Amino acid sequence: MSIIITNVRPWGGPAQDITIDGDTFTGFADAGTHGTDADSRTESSAEVIDGRGLLALPGIVNGHAHVDKSWLGLPWQSYGGEPGTDGRIRHERARRDELGIPSAALSSRVLDAMVGHGTTAIRSHVDVDLGIGLSGIDAVREAVAAYDGALTVEIVAFPQDGVLRRPGVVDLLRRAAESGVEHIGGLDPAGIDRDPVGQIDALVDIARDTGVGIDIHLHDPAELGVFQIELLLDRMERWELSSPVNIAHGFAVAQVDAAGQRDLLARMGGLGVTMSTVAPPRLGAAQLPLHALREHGVRLTLGTDGIRDLWSPYGTGDTLGIAWQFARGSGLVRDEDLLDVVRTATSDGAWAVGRADHDLTAEARADLVLVDAENPMDALVRLPERRLVVGGGRVLRSTLD
């Protein structure tokens, strides 16, 4: 299958025609010149889509999602849990069965919502615990399979109820790693398990044995959070861990003094540790420090977190909306910073979904979104409708007709 998308402006530049063969971008030419291509077979058989001069961006990357645990599409569910992480965990455990969570049908609704907002690649945490075993992973895989390769989803086996405080969860994480998930997760080694050394050692042992990545939720604040990150870095150095390691949330990084932050980020960058954020509004200006992360080579990805789940009724599946939230909360107004945030949500998010390249370039995977915007900065601050979404060379959404 070949597609030619005519008259679009990649990254806001001059109008071009983009050729897609199969799941790959194969050509970028000045607008109006696609008819002169020497390969007449491709020209004659291709589907031609008029891009109407719209702004073209790479498909949006959601680097931190929970597509397994939403009630999206069900009747409104009033939140009735206790405050705090542990209270929300208990509330979710008490009610998920009556709502049919997890299921492929509910995960499909979440994926569809994300795709509608231009997302073409996702890293999703999927709960594993003693109550549901690995069934959530099976449900998400079934939902993803319906896209037949047009949507990329990497899975993190996520111990939402803790790793060590529920005997048997470590074994579940190992089984998930051996079953082919890309990453295993952790959760507040001190705040939830109250055994930071034990949890981190367990995760590192599995990663060393199986080669999976580690993607750990870390809400614990300030010095306590930094202490746990340092424990993880210690083990990475000691065991020369080659698996990718990501710190999700990582509020502590923004809560320590300047010297401590500098030293921590320098060490993280040197070891290739990455971070992900959902840019919680409650943080205000205390978002993760974009400039400091860049300075020390700590790559960042953005994600939606949970969407209409038993933790919170909020969420639409729009990762570009999270990028807006991050930029606004961080007080970013200069063009170069706004563009940096858009790249964080698109091309620079390649690492979060296992890609070396995710951009509007020849030979890259054909993931693309069109919006009616003057430039990427305009798209970020206005969040216009996603008019065309292409994933792996297939049209997943279009309002161009």
Review point. When the residues of the range 43-92 are filtered to those that are hydrophobic (A, V, I, L, M, F, W, C) and farther than 28 Å from residue 301 by Cβ, which remaining residue is modelled with the lowest pLDDT?
Key: 46
Review point. Conditions: (1) in the same structural domain as residue 53 (by TED's automatic domain parsing); (2) in contact with a Ser or Thr (Cβ under 7 Å, 6 or more places away or on another chain); (3) not β-branched (Val, Ile, Thr). Residue 308 meets all but one. Number of the miss?
Key: (1)
Exercise for review: Taking only the range 78-111 into account, find how many residues are crowded, with 16+ Cβ neighbours inside 10 Å and either not in a helix (DSSP H, G or I) or not assigned by TED's automatic domain parsing to the domain that holds residue 315 (or both).
Suggested key: 5
Exercise for review: Mind listing whichever residues of the range 190-204 are small (Gly, Ala, Ser), within 25 Å of the chain's Cα centre (by Cα) and more than 11 Å from residue 228 (Cβ to Cβ)?
Suggested key: 202
Exercise for review: Determine which single condition residue 160 fails, assuming it passes every other condition in (1) outside any helix (DSSP H, G or I); (2) over 23 Å from residue 87 (Cα atoms).
Suggested key: (2)
Review point. Can you pull out the residues in the range 223-265 that are among the basic types (Lys, Arg) and either buried (at least 18 other Cβ atoms within 10 Å of the Cβ) or within 28 Å of residue 124 (Cβ to Cβ) (or both)?
Key: 235
Practice item. Would you point out which residue out of 208, 194 is in a helix (DSSP H, G or I), basic (Lys, Arg) and either touching a Phe, Trp or Tyr at 6+ places or on another chain (Cβ under 6 Å) or surrounded by fewer than 19 Cβ atoms within 10 Å (Cβ to Cβ) (or both)? Key: 208
Check your understanding: Quick one: residue 299 ticks every box in (1) in the same structural domain as residue 127 (by TED's automatic domain parsing); (2) surrounded by fewer than 20 Cβ atoms within 10 Å (Cβ to Cβ) bar one, so which box is it?
Key -> (2)
Study note, to complete from the structure: Taking the range 124-133 and keeping only residues that are under 21 Å from the mean Cα position of the chain (by Cα) and outside any strand (DSSP E or B), one is left with 128
Check your understanding: Taking the condition in a loop (DSSP other than H, G, I, E, B), assigned by TED's automatic domain parsing to the domain that holds residue 67, at pLDDT 95 or above and not polar (S, T, N, Q), does residue 263 pass?
Key -> no
Check your understanding: Given the structure, is residue 179 under 14 Å from the mean Cα position of the chain (by Cα), in the same structural domain as residue 214 (by TED's automatic domain parsing) and touching a residue at least 40 places away in the same chain (Cβ under 8 Å)?
Key -> no
Review point. Looking at the range 188-211, which of its residues are over 17 Å from residue 271 (Cβ atoms) and in contact (Cβ under 8 Å) with a residue 40 or more places away in the chain?
Key: 188, 189, 191, 192
Point to revise | Among the candidates 187, 173, 151, residue that is buried (at least 22 other Cβ atoms within 10 Å of the Cβ), under 21 Å from the mean Cα position of the chain (by Cα) and more than 17 Å from residue 65 (Cβ to Cβ) | key: 173
Point to revise | Matching residues in the range 253-268 - criterion: being in contact with a helix residue (DSSP H, G or I) (Cβ under 8 Å, 6 or more places away or on another chain) and of a type outside the set (S, T, N, Q) | key: 253, 254, 256, 260, 262, 264, 265, 267, 268
Exercise for review: Mind listing just one residue for me: the one in the range 10-42 that is over 29 Å from the mean Cα position of the chain (by Cα), in a loop (DSSP other than H, G, I, E, B) and small (Gly, Ala, Ser) and, of those, modelled with the lowest pLDDT?
Suggested key: 38
Practice item. Take the residues in the range 121-137 that are closer than 19 Å to residue 353 by Cα and either β-branched (Val, Ile, Thr) or out of contact with any Pro (no Cβ under 8 Å at 6 or more places or on another chain) (or both), then tell me which one is surrounded by the fewest Cβ atoms within 10 Å (Cβ to Cβ). Key: 137
**Study point:** Wholly enclosed helices (runs of 4 or more DSSP H) of the range 286-401 bearing at least 2 residues under 15 Å from the mean Cα position of the chain (by Cα)
**Key:** 319-329, 335-345
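The values are calculated or read from the model by the stated rules, or taken from the named source; none is laboratory data. Just so it is clear, the model here is predicted, and its values are computed rather than measured. Reconstructed Cβ throughout: ideal geometry from the backbone, glycine too, with neighbour counts over all protein chains shown.
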